[in-house]
Amino acid sequence: MNSQLAKLIESGESGTVEFKESFGKAAIETMCAFANAEGGFLCVGVGNAGKLKGISATGEEIKNWLNQVKMATEPSLFPQYKIIDQAGCRVVLFVVQDIL
């Protein structure tokens, strides 16, 4: 497994790490919370218990997600992301910096 992803999953959810099985409004809200606090990591494609679920998002869909984040936030957030394919599961890791 990707070592960065493994460490995040092993550490579990916290004030700076969140797992979501899919991308949606809750994922955008989580990124806003991270931006207004210490920053953080959002793992899309991982269940609450840290189990890899995977998602079937393409690069184009992920760009659409980023646009949704930009349009739904003020000031606009531009999180970094990394696509991680592991054991047949695709996870998108968003990295959000604090804005303060």
The residue from Ala37, Ala49, Ala57 that alone is touching a residue at least 40 places away in the same chain (Cβ under 8 Å) and part of a loop (DSSP other than H, G, I, E, B) is Ala37
Picked from region 27-48 (must be in contact with a Lys or Arg (Cβ under 8 Å, 6 or more places away or on another chain) and either among the polar types (S, T, N, Q) or under 13 Å from Glu13 (Cβ atoms) (or both)), the residue most open to solvent (accessible area, probe 1.4 Å) is Thr30
Among Lys53, Lys70, Lys82, Lys63, the single one that is among the basic types (Lys, Arg) and over 22 Å from Ile99 (Cα atoms) is Lys53
Leading residue by the ranking (modelled with the lowest pLDDT) among those in region 77-100 that are part of a loop (DSSP other than H, G, I, E, B) and open to solvent by 50 Å² or more (accessible area, probe 1.4 Å) = Leu100
Within region 11-19, identify whether any single residue is more than 17 Å from Gln80 (Cβ to Cβ), touching a residue at least 40 places away in the same chain (Cβ under 8 Å) and outside any strand (DSSP E or B), and answer yes or no.
-> no
Picked from region 49-60 (must be closer than 18 Å to Leu5 by Cα and not hydrophobic (A, V, I, L, M, F, W, C)), the residue most open to solvent (accessible area, probe 1.4 Å) is Lys51
Filter result (of a type in the set (A, V, I, L, M, F, W, C), more than 15 Å from Ile55 (Cα to Cα) and in contact (Cβ under 8 Å) with a residue 60 or more places away in the chain) within region 65-100 = Val96, Ile99, Leu100
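The values are calculated or read from the model by the stated rules, or taken from the named source; none is laboratory data. Keep in mind it's a predicted model, so treat the numbers as computed, not measured. Cβ coordinates were reconstructed from backbone atoms using ideal geometry, including for glycine residues, and neighbour counts include every protein chain displayed. With ligands, DNA and RNA removed, areas are computed over all heavy atoms of the protein, side chains included. Shrake-Rupley method; radii C 1.70, N 1.55, O 1.52, S 1.80 Å.
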